[in-house]
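> Next up is a structure, given as structure tokens.
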Amino acid sequence: MAKKRKDKREFEEPAEYDMSSDTQDEFNNEPPMLSRSDSRRGKKKTIFKYPLLNLLIVFFLLIPIVIVIVFVTVQNMGSNEVKTETESTVNVSDNTQAKEEKAKAKKAAEEKAAAEKAAKEKKAAEEKAAAEKQEQDAAAAKKAEEAKKEQEAAEQKAAEEKAAEEKAAAEEAQKKAAGGSHTVQAGETLYGIARSAYGGAGAAAGVEKIKQANGLGSNDVPVGTVLTIPQ
């Protein structure tokens, strides 16, 4: 109001008129014109005149700001918690996977060691079986060779005995043909000697011939006696 009146007075031209007492009283009752600095001071006084109202205004202005801050903080906390939970889950998953891989590697190593051990044992058993078989084969070959040698020795002995018998028979036949002598061996009898010399048919007559040729009075002939075998 004071500013408008001041401006109005600045643009109005002064008029010369006589002021009555009523007019003077009216102007005297008007408030005095204020400068800009006075106007500002008045506004400041008006502002600080009601501190409770000012506090309420500030409170209501701060409420949405606080709500926004709290909301953002909660969102960030939620994101951090989700992130932490995700990281924890990932870490747990990684740890579980690492443990599983470690267990698998350990199991694979144990299986490999068991397989190698089984292979070694199998190889050792095969080598042992081969060695035993080789020993058995060698023993069988040795036994077969010994049996062959024994058989050959027996055959050779039989051949030698046969040859000796044939030789003795030939000599005996030669003696029978030309006449000769005979040395009595243990277990031989005069009848047996006569039978050998003259055959089974002329054995009895041969006994008499031998007795007469050697001057024997009986059929008993001592061992070692050389008898003359006549024709």
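Each value in this text was obtained by applying a stated rule to the coordinates, not by laboratory testing. No experiment lies behind these values; they were computed from the predicted model shown. All Cβ positions, glycine included, derive from the backbone under ideal geometry; neighbour counts span all protein chains shown.
> So who's got an amide H within less than 5 Å of the one on Leu227, skipping anything under 5 residues away but keeping other chains? H placed 1.01 Å off N, in plane.
His182, Thr183, Val184
> A further question follows. Using 5 Å bins from zero, what percent of all Cα-Cα pairs in segment 104-231 falls into each bin?
2, 8, 11, 11, 8, 5, 5, 5, 4, 4, 4, 4, 3, 4, 3, 3, 3, 3, 3, 3, 2, 1, 0, 0
> For Val58 and Thr89, what does the FRET efficiency come to when R0 = 35 Å and r is the distance between their Cβ atoms, rounded to the nearest 0.05? Numbers along the way, then the final one.
Numbers: r = 45 Å, r/R0 = 1.29.
After rounding, the FRET efficiency stands at 0.20.
> Another question, then. Calculate the dipole size of segment 93-145 relative to its Cα centre from +1 charges on Lys and Arg beta carbons and -1 charges on Asp and Glu beta carbons; express the result in debye to the nearest 20. Don't skip to the answer; put the middle values down first.
Working: 14 positive and 13 negative charges, 29 e Å.
Once rounded to the nearest 20, the dipole reads 140 debye.
> Another question about this same structure. State, to one decimal in nm, how far the label point of Lys104 lies from the label point of Ala158, with both points 7 Å from Cα in the Cβ direction.
It works out to 7.8 nm between the two label points.
> With the dipole of segment 102-223 worked out from charges on the C-beta (+1 for Lys and Arg, -1 for Asp and Glu) around the Cα centre, which of Ala131, Ala119, Ala153 lies farthest toward the positive end?
Checked the options; the winner is Ala119.
> Here's a follow-up. Once label points are set 7 Å from the Cα along Cα→Cβ at both Thr189 and Val68, what is their separation, rounded to one decimal in nm?
Here the modelled spin labels are 15.7 nm apart.
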